[in-house]
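Below: the structure, in structure tokens.
The values are calculated or read from the model by the stated rules, or taken from the named source; none is laboratory data. Worth saying up front: this structure is predicted, and the values here are computed from it rather than measured. Please note: Cβ atoms are built from the backbone with ideal geometry, for glycine as well, and neighbour counts cover all protein chains shown. The accessibility values were calculated without ligands, DNA or RNA, using every heavy atom of the protein model including side chains. Shrake-Rupley method; radii C 1.70, N 1.55, O 1.52, S 1.80 Å.
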Amino acid sequence: MLKKVTPLLLVAAVSACSTPLDRRQANGNDDFINAETTPLLTIPEGLNTPTYSKEYEIPAVGTKSDKSLIGKKLDIRAPLQVLPMAEGTYIEESTNNMRIIIDSIDNYADLKQEIFDVIKGYLAKNDMKLIVEDYASGLIETDWIEHTEVIESSWWGADKVYVLRQRYGYNIDVKPHGRSGSVEITLLDHEELYNGEDQQIILSGDDKRRYTTDMLNNAIAYMSVERDRAIRAAQLEKSLGISVGLVSANGSDESYWLAEAKYSSVWDRLRIVLPEMGFDVVDMDTSKGLFYINLVESGGFWSSLWGEEKLSLKKGNYRLLLEETDNADQTKILLRDVEDNPLDNESINKVNQILSDLMQEDRKSR
């Protein structure tokens, strides 16, 4: 096969590069492995032994070190370090596998679903296909991922290509409370081919850690971008006002407010708004959607400071209850007395205008 070339490139016929295998080895020969240890000087009796410098002293080999890794077998590349760059992540290392610990940054988000979406999103972005995806058991396995590098390029024949083929497995485990989980990554299969021939590479534990570390760092970097985007979106959502409308009692029903927002957004906004209305938040129960509040004086600090309308509700203890509706983007807000009895319409109307105004007010995003 004759390849097209330009006249400027006719200065050479072949270009060659080092293979990935060459790059892990020291340049030159490895005759040094046959070097013999020179004995110390024999000092005649009656003379003092000179002081020897320890500047170039080679430390003893550790008991856990692989003594066969010498010469061309020794990998000279600098070790890779796992970089837990994403918010709420840190690392655990083992011999052949890498595990990243992930904490939830949103109490209302499904952490397991987030981790699955991040891993699948990273793999899809880089055209890496899956052959196993089992959400129940938390297992993801990739198909063969190929990295190709031209080592020798000839204008008159086929290029000599180095191909690295690998498969990875991800094991996702989230604790029952849902606030913390982990992802363990394992190198399942590994092949290296040069010019179509299998190089029969046997990986050491260090080799496997290098590959899994690199793969994990890429996934963490992707998670970092996604979490930063989610944090900014959450900040923006919290800064926007929430439309609230009063639904008056009809028959045996009680009056309530209908907020046009998700349950979690309404809960977070009320934590800010209630003190501004003059209520002391004595306690909260997120599992029941309850705020235990106390009105010490009519009107809050902000109302008195700016001379705005004060709350004319009777002083005392109250319960504010949040309920989800059939529509996920709507939430009910109910105000009751300390014994959990509905307030009359007159009391609700006294609260309505101030609550609605403060809930609907846009806030600056930090």
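Yes or no, residue by residue, for (1) out of contact with any Leu (no Cβ under 6 Å at 6 or more places or on another chain); (2) at pLDDT below 85; (3) closer than 17 Å to M215 by Cα; (4) in a strand (DSSP E or B):
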{"site": "I119", "(1), (2), (3), (4)": "yes, no, yes, no"}
{"site": "A136", "(1), (2), (3), (4)": "yes, no, no, no"}
{"site": "E146", "(1), (2), (3), (4)": "yes, no, yes, yes"}
{"site": "S153", "(1), (2), (3), (4)": "yes, yes, no, yes"}
{"site": "L164", "(1), (2), (3), (4)": "yes, no, yes, yes"}
{"site": "H177", "(1), (2), (3), (4)": "yes, no, no, no"}
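Sort out which residues of segment 79-104 are at pLDDT below 75 and among the polar types (S, T, N, Q), and write them in order of number.
First pass over segment 79-104, keeping only residues at pLDDT below 75: 79-85, 92-98.
Those that are at pLDDT below 75 and among the polar types (S, T, N, Q): Q81, S94, T95, N96, N97.
The number of residues in segment 336-353 being closer than 14 Å to L274 by Cα and either loosely packed, with under 15 Cβ neighbours inside 10 Å or of a type in the set (S, T, N, Q) (or both) comes to 2. Per the conditions (1) in contact (Cβ under 8 Å) with a residue 40 or more places away in the chain; (2) in a strand (DSSP E or B), the sole criterion not satisfied by M215 is (2).
Pairing residues of segment 52-72 that are in contact (Cβ under 8 Å) with a residue 40 or more places away in the chain with residues that are among the acidic types (D, E), at Cβ distances under 7 Å and at least 6 apart in sequence or on separate chains, gives G71/D30; K72/D30. Here the condition is being open to solvent by less than 30 Å² (accessible area, probe 1.4 Å) and over 20 Å from the mean Cα position of the chain (by Cα); of D207, D143, D189, it holds for D207 alone. For Y222, indicate whether it is on the phi < 0 side of the Ramachandran plot, over 18 Å from the mean Cα position of the chain (by Cα) and at pLDDT 85 or above. It is false that Y222 is on the phi < 0 side of the Ramachandran plot, over 18 Å from the mean Cα position of the chain (by Cα) and at pLDDT 85 or above. For R227, the conditions (1) among the basic types (K, R); (2) modelled with pLDDT of 90 or more; (3) within 23 Å of Y108 (Cα to Cα) are fulfilled apart from (2). One residue stands out among those in segment 255-290 that are of a type in the set (V, I, T) and open to solvent by 30 Å² or more (accessible area, probe 1.4 Å): the one that is nearest to S312 (Cα to Cα), which is V281. The numbered conditions (1) among the charged types (D, E, K, R); (2) under 19 Å from D134 (Cα atoms); (3) surrounded by 19 or more Cβ atoms within 10 Å (Cβ to Cβ) are all true for K175 except (3).
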